[in-house]
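Structure record follows, encoded as structure tokens.
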Amino acid sequence: MQKLVGYSGEGDFSHGKSMYTNPKDLGIFTSHGHHMEVYSLPCKRSRSRINAPFIFNGQIHKKPKTTIEILPDECLFEIFKRLNGTQERSSCASVSKHWLNLLSTIRKDEFTQSLNQQPNAHLSRFLKGKKATDIRLLAIAVGASSHGGLGSLSINGNNVTRGVTNLGLKAISRNCPSLTDLSLWNLSSISDEAIIEIANECHNLEKLDFCQIPISDNSLIAIAKNCPNLKELSIESCSNIGNEGLQAIGQRCQNLKSISIKNCSQVGDQGITSLLSSSSSSSYSLMKLKLESLNISDMSLAVIGHYGIKITDLALTRLCKVTEKGFWVMGSGQGLQKLKSLTITSCFGVTDLGLEALGRGCPNLKQFALRKCAFLSDNGIMSFAEVALSLETILLEECHRVTQYGVFNMVLKSKLKNLTLENCFGIKDLVPWNGIPFRCSDSVKSLSIRNCPGFGNNSLMLFGRICPQLQNVEFTGLHGITDEGFAPLIECCEPGLVSVSLSSCPKLTDKLVSELCKIHGGTLETLNLDGCTSITDSSLVSIASDCLLLTELGVSGSGITDSGVRALACTVQLNLQILSISNCRLVSDESLPFLVKLGESLVGLNVRQCHGIGNSGVGLLVDQLWNCDILS
């Protein structure tokens with residue numbers, strides 16, 4: 001200090017130099033702190049300021065934490081429990097991830113202050129892809145607990161780096177005991193621990209959907225013990241789930257209405273039989289059953305046929321070990337008296353004998369879909385239709401041994417209302433009267449033929465003759481039919497056609513459309529001519545003048561121009577709601593005023609790949625047709 005007082009401006013004490021050679025002596029001028037501010041002596045030009053860390057006794061001292069940050073989690077937990085409002089809890093959850101995590105560990109019933117909320121105001125949340133993270137689940141858990149609770153949660157995750165784990169699902173279980181609907185797809189980082197926690201806390205669960213998650217029978221056992229209200233269960237591609245879990249579900253879940261099991265390699269006959277046997281509680285309530293790609297045999301189908309007394313909907317897909325005997329026993333069991341809908345896909349055990357037994361054993365069957373059954377022939381579908389007295393709808397897809405002879409006789413021997421044939425290569429366009437009795441079926445109202453390359457004019461004319469009550473027809477991808485084949489069907493339909501779809505039938509022309517509009521214009525409501533390349537403006541003129549009830553029109557990929565659109569717009573009576581003109585290359589911006597006029601009634605407009613309409617034209621349509629959904 002003496003040196004400083006006696007300093008006269010000369011010597012070593014000058015700008016940029018220290019009067020003390022030992023840095024520790026600087027401590028006599030500073031106070032305790034993380035940094036200190038050091039000022040040099042005054043200078044004529046400027047005054048420099050230096051910010052440096054504070055060194056005391058050779059050590060760097062850090063800034064101490066604030067009081068709230070050094071509180072242990074136990075104290076924060078007690079503070080958070082006493083928050084008495086939704087806003088306060090949400091604000092605290094927004095401070096940091098640490099606080100959010102702490103708040104999510106508090107169960108809803110542990111808060112000392114209850115919130116004024118509606119008990120039934122359950123929320124629904126859906127997370128997908130990168131949005132499916134633990135942080136979002138924690139936020140949902142805290143927020144939903146303050147707004148009536150979470151009712152439905154769906155997670156479809158493929159986030160490998162920061163995906164959903166047990167942490168997020170545990171937070172949901174603690175904060176959302178009102179959860180009734182849970183769907184978990186593609187979550188590789190969760191385990192039985194999370195599902196067991198949910199089962200222990202969420203006793204109101206009614207619907208569960210698991211797909212590609214690594215859980216085992218332990219999860220199903222916990223669900224069976226703690227979720228008595230379970231009504232729907234779907235399990236897909238869960239390789240660790242087997243018979244033991246299904247046995248627990250079958251014994252304890254008395255309210256189970258629907259179950260779907262797909263691609264679970266450890267599920268066998270024991271698991272399926274335990275769901276449906278007489279000693280199981282679920283057998284008295286189960287109404288919908290779907291089994292796909294399982295290692296089950298004829299035994300499971302026998303149990304279904306005997307104990308499925310409440311089943312109304314049954315779907316069997318890719319059951320490779322099931323033979324003809326299994327389907328025959330299932331039909332002969334007389335337990336499927338209430339079955340109304342049956343779908344069988346890619347089951348090579350389906351034969352004519354088994355199909356007839358199913359028809360006899362299911363007297364109330366109304367809807368039947370048969371796909372990719374290679375050994376089924378005409379005899380099978382004819383005998384089935386003859387004994388299934390309540391049958392109304394049938395779909396045959398890729399049943400290549402079925403011919404037009406079997407189809408027409410099936411129609412005449414039953415009371416079918418709806419018939420669909422798809423990708424059936426056994427259908428050949430033979431002489432119409434070849435073995436077909438000349439009778440009419442007054443019950444068939446709807447006919448759909450899709451991508452059957454052998455279906456031609458003769459088959460079409462025969463359908464027109466034996467089905468005079470048709471109201472809805474759909475012919476897709478039939479390159480063999482022409483105006484001459486379709487005309488007799490138009491003339492024979494007595495009540496009037498309501499819906500006509502002729503998609504991708506390139507040989508149909510304006511002449512057919514003109515005749516169709518003249519005869520059925522008073523009843524026609526839907527007309528689809530997509531992909532009919534021979535259709536031009538002449539068809540639109542006929543439609544505009546005769547089809548006063550038409551609400552849906554599709555002419556995508558046709559040869560129409562701006563003149564055809566103008567003809568539609570100039571018709572006062574026409575009240576179109578949906579119009580599709582996509583891929584019509586001859587439609588240009590000149591059609592915009594007419595499309596705007598049509599838009600007064602339109603709710604849907606498709607102008608995709610109309611290269612003649614520019615971006616500015618599409619923008620005009622969007623601005624003008626504010627009440628219409630536009631695809632461009």
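The values are calculated or read from the model by the stated rules, or taken from the named source; none is laboratory data. Only a predicted model underlies this, so the values are computations on that prediction, with no experimental measurement involved. Virtual Cβ from ideal backbone geometry, glycine too; neighbours counted across all protein chains shown. The accessibility values were calculated without ligands, DNA or RNA, using every heavy atom of the protein model including side chains. Shrake-Rupley method; radii C 1.70, N 1.55, O 1.52, S 1.80 Å.
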Only one of these conditions is not met by Leu291: (1) under 24 Å from Ile195 (Cα atoms); (2) more than 21 Å from the chain's Cα centre (by Cα); (3) of a type in the set (A, V, I, L, M, F, W, C); (4) at pLDDT 95 or above. Which number is it? (2)
Considering each of Leu220, Leu301 in turn, give the residue that is open to solvent by less than 60 Å² (accessible area, probe 1.4 Å), assigned to a helix (DSSP H, G or I), within 22 Å of Ile155 (Cα to Cα) and touching a helix residue (DSSP H, G or I) at 6+ places or on another chain (Cβ under 9 Å). Leu220
Has the stretch 445-455 got any residue that is of a type in the set (Lys, Arg), assigned to a loop (DSSP other than H, G, I, E, B) and in contact with a His (Cβ under 9 Å, 6 or more places away or on another chain)? no
If I ask for residues that are out of contact with any Lys or Arg (no Cβ under 9 Å at 6 or more places or on another chain), within 23 Å of Leu470 (Cα to Cα) and surrounded by fewer than 19 Cβ atoms within 10 Å (Cβ to Cβ), which ones from the stretch 378-409 would you list? Tyr405
Any idea how many residues of the stretch 423-440 are modelled with pLDDT of 60 or more and open to solvent by 50 Å² or more (accessible area, probe 1.4 Å)? 8
Inside the stretch 347-373, the number of residues satisfying the requirement of being over 17 Å from Asp298 (Cβ atoms), assigned to a loop (DSSP other than H, G, I, E, B) and not charged (D, E, K, R) is 4
Six or more apart or on different chains, Cβ atoms under 6 Å: show the pairs whose first residue is in the stretch 154-173 and under 14 Å from Ala141 (Cα atoms) and part of a loop (DSSP other than H, G, I, E, B) and whose second is among the small types (Gly, Ala, Ser) and at pLDDT below 85. Val164/Gly157
Please tell me if Ser443 is modelled with pLDDT under 95, surrounded by fewer than 17 Cβ atoms within 10 Å (Cβ to Cβ), over 30 Å from Leu579 (Cβ atoms) and within 40 Å of the chain's Cα centre (by Cα). yes
Within the stretch 305-332, tally of residues that are outside any strand (DSSP E or B) and open to solvent by 20 Å² or more (accessible area, probe 1.4 Å): 14
If you scan the stretch 201-212, which residues turn out to be within 21 Å of Gly151 (Cβ to Cβ) and either in a loop (DSSP other than H, G, I, E, B) or modelled with pLDDT under 95 (or both)? Glu201, Cys202, His203, Asn204, Leu205, Glu206
Restricting the search to the stretch 544-558, which residues are closer than 15 Å to Ser514 by Cβ and open to solvent by 20 Å² or more (accessible area, probe 1.4 Å)? Ser545, Asp546
Kindly indicate whether Glu474 is closer than 26 Å to Asn423 by Cβ, outside any loop (DSSP other than H, G, I, E, B) and charged (D, E, K, R). yes
For the condition modelled with pLDDT of 90 or more, open to solvent by less than 50 Å² (accessible area, probe 1.4 Å) and not β-branched (Val, Ile, Thr), what is the one hit in Ser191, Ser173, Ser178? Ser191
